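Heads up, the thing below is written out as structure tokens.
The values are calculated or read from the model by the stated rules, or taken from the named source; none is laboratory data. Here the structure is a predicted model, which means the values were calculated and not measured. Counting neighbours? That spans all protein chains shown, and the Cβs are built from the backbone with ideal geometry, glycine included.
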Amino acid sequence: MIERLPELVNTDPAIVRWGRGMNEVFLLQSGEEQFLLTVRDGKIEKLEKGPFVMRSWTFAIRASKEAWEKHWQSPPPPGWHDLFALLRTGNVVIEGDLQPLMAYLMYLKLVLAAPRKA
């Protein structure tokens, strides 16, 4: 499902608008699968599938495959609906530079919820 994020995000003007000004590379992990997403002005410019050795990223969001599957249900079960709900229950780990994550928090929440439309 993560492989579809560029299509789901870049074709939604509302999501892109929330991310305007964001120019970062971040890591998104689902179980053992790693993905590097390069965002330029709110559009996912590039998505690369790992594994990666010594690749640079600004921040990482890591969760189990099962956690992402529950998060992407439409509607998700209580406690699985939001990035911070997943963080609070210990189902997601966030690391790295949190300033860009917090600056574009709404954008990232919309990006991570985009697979619910699929």
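Of the residues that make up segment 30-49, is at least one in a strand (DSSP E or B), in contact with a helix residue (DSSP H, G or I) (Cβ under 6 Å, 6 or more places away or on another chain), among the hydrophobic types (A, V, I, L, M, F, W, C) and crowded, with 19+ Cβ neighbours inside 10 Å? Working first, answer last.
Going residue by residue through segment 30-49, those that are in a strand (DSSP E or B) are 30, 33-40, 43-49.
From what is left, the residues that are in contact with a helix residue (DSSP H, G or I) (Cβ under 6 Å, 6 or more places away or on another chain) are 30, 35, 43-44, 47.
Within this subset, residues satisfying the condition of being among the hydrophobic types (A, V, I, L, M, F, W, C) are 35, 44, 47.
The next check asks that each one be crowded, with 19+ Cβ neighbours inside 10 Å; those that pass are 44.
Yes, segment 30-49 contains at least one residue that is in a strand (DSSP E or B), in contact with a helix residue (DSSP H, G or I) (Cβ under 6 Å, 6 or more places away or on another chain), among the hydrophobic types (A, V, I, L, M, F, W, C) and crowded, with 19+ Cβ neighbours inside 10 Å.
What number of residues within segment 3-19 are free of Cβ contacts under 8 Å to residues at least 60 places away in the same chain and surrounded by 13 or more Cβ atoms within 10 Å (Cβ to Cβ)?
Of all residues in segment 3-19, those free of Cβ contacts under 8 Å to residues at least 60 places away in the same chain come to 3, 6-7, 10-11, 13, 16-17.
Right, trim to surrounded by 13 or more Cβ atoms within 10 Å (Cβ to Cβ) and you get 6-7, 10, 16.
Qualifying residue count for the region: 4.
Provide a single number: the residues in segment 83-104 that are under 23 Å from Thr38 (Cβ atoms) and exposed (fewer than 14 other Cβ atoms within 10 Å of the Cβ).
Qualifying residue count for the region: 7.
Go through (1) touching a Pro at 6+ places or on another chain (Cβ under 7 Å); (2) buried (at least 19 other Cβ atoms within 10 Å of the Cβ) for Tyr107 and report which single condition fails.
Tallying (1) touching a Pro at 6+ places or on another chain (Cβ under 7 Å); (2) buried (at least 19 other Cβ atoms within 10 Å of the Cβ), Tyr107 fails exactly one: (1).
If a residue counts only when it is under 13 Å from Phe26 (Cβ atoms) and over 12 Å from the mean Cα position of the chain (by Cα), which helices (runs of 4 or more DSSP H) contained entirely in segment 63-118 have at least 1 such residues?
On the way: elements: 65-71, 83-88, 98-103, 105-113.
Here the list reads 98-103.
If you scan segment 82-101, which residues turn out to be modelled with pLDDT under 95 and small (Gly, Ala, Ser)?
Ala85, Gly90
Please verify whether segment 102-111 includes one or more residues that are within 21 Å of Leu8 (Cβ to Cβ), at pLDDT 95 or above and hydroxyl-bearing (Ser, Thr, Tyr).
Yes, because at least one residue in segment 102-111 is within 21 Å of Leu8 (Cβ to Cβ), at pLDDT 95 or above and hydroxyl-bearing (Ser, Thr, Tyr).
From the list Val25, Val53, Val16, exactly one residue is part of a loop (DSSP other than H, G, I, E, B) and not basic (Lys, Arg). Which is it? Break it down into steps so the answer makes sense when it comes.
Numbers: Val25 fails: part of a loop (DSSP other than H, G, I, E, B); Val16 fails: part of a loop (DSSP other than H, G, I, E, B).
The conditions single out Val53.
Specify the residue that is surrounded by the fewest Cβ atoms within 10 Å (Cβ to Cβ); the eligible residues are those in segment 51-82 that are more than 23 Å from Val39 (Cβ to Cβ) and among the small types (Gly, Ala, Ser).
Ser74
Six or more apart or on different chains, Cβ under 6 Å: which pairs go from a residue in segment 101-118 that's of a type in the set (Lys, Arg) to one that's assigned to a helix (DSSP H, G or I)? Could you list them?
Lys109/Leu83
Among the residues of segment 4-53, which ones are under 17 Å from His71 (Cβ atoms) and over 11 Å from the mean Cα position of the chain (by Cα)?
Arg4, Leu8, Ile15, Gly31, Glu33
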